[in-house]
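Down below is the structure, laid out as structure tokens.
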Amino acid sequence: MRVCLKDWPLQTLTLWVVISLLFFPAVSLSLTDRIIAVVNKEVITWSDLEKELRDEYKRLTAKYHGEELNRRYYEKQREVLNHLIDDHLMIQEAQAKGLSVTQDEIDEALRRTPLPPTQTEEEFGHQLLLKKLFDFEIRRNIVIEEEEIRRFYEVNSTLFLSPPRYRLQQILLAGQEGFEREKAKNKAKTMYSAWTPNTTLGDFATRYFEQIHELGWVQENELLTPLRQVVKELKPGQISAPIETLLGFHLIMVEDIQQPQPLPFEAVERDIRGLLTKQRSEEAYRNWLADIKQKAFIDVKLK
């Protein structure tokens, strides 16, 4: 006997739908979900896409509204769907190559890298499989010869310079809080106003009963954050305006500047190898994925 839903009374049909939604998830999915892409013999559903977009949608709604929100969300839908398609293709390729990830491999990886709170163990294993596929198809075929590394170094020598170094002196007017800090601030301002280029820092410090602190040769990243930008802008023989830090107020003088120098090849060989490997791998990955897509059956139904 064939049951025709259109012959049911409205109350009976409504009750059937409610019961289906409560007790038969598979039926309720078929009523609310839909296929938005087919990748070979696998499907991607609207709920698959929605799951990936959930956090992104929250971010977009917090920043955009109206037509602009709709436009950006539409673009993000296509971007994420393309990512899901790529994901399905690569998993299929891994399975075709006989690659898999065991529970022991997952456990070992999790001992080295704790599972992020937003990721399930299944998703983590999924990433491991994709990495194994990438290593199998791409990374193992990338070979960078030393001659190529040297050639890159010679052509791009300006990319591998030591940072500039500064030989510094300073007068520090210490003042932690309250009256002492205000006193140090006022004295620093007075001293800076009285400074003249033909005065040595030693004589200047003596006049105000202060001491000079020799900082010697330093790099920018070795200085307190408030001092860094100021030092970069000073010329030798110049004194800085008072710079406030937790220690007090600094008057900095640059005695000399050592300009950036080319780093020796041995110091950057490893970095260049890594850079070239990354570039070559990314190019090989794009070509490999494009080839897979060319051979695959992909039907996008998202409008």
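Each residue in the stretch 70-88 was checked for being free of Cβ contacts under 8 Å to residues at least 40 places away in the same chain, of a type outside the set (A, V, I, L, M, F, W, C) and in contact with a helix residue (DSSP H, G or I) (Cβ under 7 Å, 6 or more places away or on another chain), and 3 pass. In the stretch 241-248 there is at least one residue that is surrounded by 14 or more Cβ atoms within 10 Å (Cβ to Cβ), without any contact (Cβ under 8 Å) to a residue 24 or more places away in the chain and either farther than 30 Å from L275 by Cβ or touching a strand residue (DSSP E or B) at 6+ places or on another chain (Cβ under 6 Å) (or both).
When the residues of the stretch 150-194 are narrowed to those that are assigned to a helix (DSSP H, G or I) and aromatic (F, W, Y), which ends up modelled with the lowest pLDDT? Applying the filter and picking the extreme gives F179. Residues in the stretch 31-40 that are modelled with pLDDT of 90 or more and of a type outside the set (A, V, I, L, M, F, W, C): R34, N40. In the stretch 175-208, of all residues being touching a Leu at 6+ places or on another chain (Cβ under 6 Å) and among the small types (G, A, S), the one that is nearest to Q219 (Cα to Cα) corresponds to A188. Any residue at all in the stretch 231-240 that is basic (K, R), within 20 Å of S162 (Cα to Cα) and not in a helix (DSSP H, G or I)? There is at least one residue in the stretch 231-240 that is basic (K, R), within 20 Å of S162 (Cα to Cα) and not in a helix (DSSP H, G or I).
The values are calculated or read from the model by the stated rules, or taken from the named source; none is laboratory data. Everything numeric in this text was worked out from a predicted model, so none of it was measured. Cβ atoms come from the backbone with ideal geometry, glycine included; neighbour counts cover every protein chain shown.
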